[in-house]
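So the structure is just underneath, and the comments pick up after that.
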Amino acid sequence: MTDMLLTHYNYWVVMVLMMIGFYIVIAQGNLVKKLVGLNIFQTSVFILYISAGKVSGGSAPILDDAISVYSNPLPHVLILTAIVVGIATTALGLALIIRLREAYGSAEEKDIQEQNQC
Amino acid sequence: MLTVTTVTLLLVMALALSRAFVGPTVFDRILAANMFGTKTVLLIAVIGFLFGRPEFLDIAMVYALINFIGVIGMLRLIEYLEDENRNAHEDDV
Amino acid sequence: MLVATAIGIAVNRDLLSVVMLSSIYGLLSANFFVTMDAVDVAFTEAAVGAGISPLLMFTTMAIVGRYEKLPHRWSLSALVLVSITGALLLVATMDMPAFGAPDAPAQQHVAPRYIEQSGQEVGIPNIVTSVLATYRGFDTFGEVTVIFTAGVGVLSLLMIGDRATKPLSSHLLKASQHKILRIVSKVLIAPILLFALYVQFHGDYGPGGGFQAGVIFAAAIIVYTMLFGLDSARQVIDQGWVRVMAAVGVLLYGAVGVVSMVNGGNFLDYDVLAKDPIHGQHYGIIVIELGVGITVAAVMVLIYFSFAGRLVDRGHQDD
Amino acid sequence: MDVYELLSAILLAIGSFLLLSGGIGVLRFPDVYSRMHAAGITDTLGACLILLALMLLAGLSLVMVKLLMILAFLLITGPTSSHALGKAAWKSGVKPLMGKALNR
């Protein structure tokens, strides 16, 4: 068990973060906060990818004669674009929240649902 | 010595983080965030030297810039919010 | 520390502090990326997670309101669901390779080829850039398009009934009091823009590239907007022009692909752009990174402008 | 060369000490303004010292120029953001603790 703890701790950190993000998304009423939760979730996925790409003893993947072991560059590429896409989608979500707030006068999920039922 | 500095920086970051948790006012939190940013700049610079690849200082530079931008943005918007609150109260009167 | 910050975010009710903590969270995770050798990713996360996204959230908050209405309570069913999912994932990790193991499956598929061959095939030292721009050029093209689409989406959501710009509202005029801030940022904005260009064109040799440069460029303009008011920023940078630029970036990227097709290669095959493949790759990468940078910068500026525009408009309604 | 390394080690040590004291100050001081005092001063000086130490390690090269630029940025932005923070706090009506309130 302690063996597992030492070699797999990165996944566990990711998991805890992911679950916190997940919890915020499903349990909180405020839409802005939901988005923050979504961001946490997103970052946890980033961390999962990046930590999967790490090679112990490796160095950053920029070629240099003095270095022979590099970390895996592929996850870096994927995550790099994912971060920028993430901010774009977050902005889209925020814009939606602003419109909802203008339409319903509130950014709480509950209020909006109540108004819809009326 | 570099290692000692790294550990110290991490420790200070933890301290700043706890201030950000307790901080009674918003300004405490901004202060903590700002401090955290400076520490991050230093940490990245020191880590670059520790790993023997000091050409990655660009990142530290980005941090120095972004940190400033972030703090300014927060302060401006807080001012805006305060203004709005005050206006609302005046309307009530 | 990441976990602690995340818990803090979950518990805190004041949205302002939540966003502050999420900014710290961004800084922390970027630190983590640096120690994981992912310098390019740390670069991006630095600019995005710690800078732009909290700013956007703040702006939203200025419009939507600062506090959550409902008192926070622990929702039992949600907690149960979350713990079940967590436990399942935990079981799943038992099969995962150990952290940092060089023989993990992720390390064996195409990555070694990238590391060994890209130096000769593409001829630039930064493997991340060469994979981004050449081996996975299609993906990146798609992602640029996604960003562009998101920008269009934000515009179409927030520009409805775009009111004619009225004179500055009272609180934005108050910005004139920030004398020190204004002077300092006047001094700083030019170096920031210059630095963005450096990041843009140095991306072949060190960490950096179009995505990061675009975000930094946009950040400089956003600072200007915050301190000098939206209207003066709109005078400096015409909004219609920015919209055009967002499209130009994507088109530039696509055009590279078309040109390489005309020259007899495949779509986005840069080998045919010059006499020998290495030079062709160089040209191709520089041009498409430029396209990426232009699009990202333009979209970020547009998004911020439309958010800030809402803020100003609301100020008018209140008056 | 040895002299440089020794010098940089000393600078690093002083810098770390300053940063640590600043961190403790931020945690322990009673109100926003005194916390700002603790953070602002130690931050700037400590960062200066650490960057100087790294510069000594780097020697004359591009790295040194970059460090110099970071230093310049920090020197400009640090005090500015402290100023803005203090001003905003004052304007929003946070009063500094004075006199008897301090002794509580």
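The values are calculated or read from the model by the stated rules, or taken from the named source; none is laboratory data. What you see is a predicted model, and the numbers here were worked out from it, not measured in a lab. A quick note on method: Cβ atoms are made from the backbone with ideal geometry, for glycine too, and the neighbour counts reach across all protein chains shown.
Within the option set C:R234, C:R243, being assigned by TED's automatic domain parsing to the domain that holds C:I189, modelled with pLDDT of 75 or more and more than 23 Å from A:I79 (Cβ to Cβ) holds for one residue only, C:R243. Determine if the stretch D:2-20 includes at least one residue that is free of Cβ contacts under 8 Å to residues at least 12 places away in the same chain, in contact with a Leu (Cβ under 7 Å, 6 or more places away or on another chain) and part of a helix (DSSP H, G or I). Among the residues of the stretch D:2-20, at least one is free of Cβ contacts under 8 Å to residues at least 12 places away in the same chain, in contact with a Leu (Cβ under 7 Å, 6 or more places away or on another chain) and part of a helix (DSSP H, G or I), which makes the answer yes.
Taking the conditions (1) over 22 Å from D:R35 (Cα atoms); (2) in contact with a helix residue (DSSP H, G or I) (Cβ under 8 Å, 6 or more places away or on another chain) in turn, D:A72 satisfies each one other than (2). Residues that are of a type in the set (A, V, I, L, M, F, W, C) and surrounded by fewer than 19 Cβ atoms within 10 Å (Cβ to Cβ) were ranked within the stretch C:214-240; the one that is nearest to the chain's Cα centre (by Cα) is C:I237. Just one residue in the set C:G153, C:G137 is at pLDDT below 80, of a type in the set (G, A, S) and assigned by TED's automatic domain parsing to the domain that holds C:G229; that residue is C:G137.
Apart from one condition, C:G208 fits all of (1) at the interface with another protein chain (Cβ under 8 Å from one of its Cβ atoms); (2) out of contact with any His (no Cβ under 9 Å at 6 or more places or on another chain); the exception is (2). Considering C:Y205, C:Y253, the condition of being buried (at least 24 other Cβ atoms within 10 Å of the Cβ) and of a type in the set (F, W, Y) is satisfied by C:Y253 alone. Restricted to helices (runs of 4 or more DSSP H) entirely inside the stretch A:31-118, those with at least 1 residues that are modelled with pLDDT under 80 and under 19 Å from the mean Cα position of the chain (by Cα) are A:31-53, A:73-104. Applying the condition of being hydrophobic (A, V, I, L, M, F, W, C) and either touching a Gly at 6+ places or on another chain (Cβ under 8 Å) or assigned to a loop (DSSP other than H, G, I, E, B) (or both) to the stretch B:1-12 and asking which residue is nearest to D:G46 (Cα to Cα) yields B:V12.
Among the residues of the stretch C:71-81, not a single one is at pLDDT 70 or above and basic (K, R). Of the residues making up the stretch D:16-25, none is over 16 Å from the mean Cα position of the chain (by Cα), crowded, with 19+ Cβ neighbours inside 10 Å and at the interface with chain B (Cβ under 9 Å from one of its Cβ atoms).
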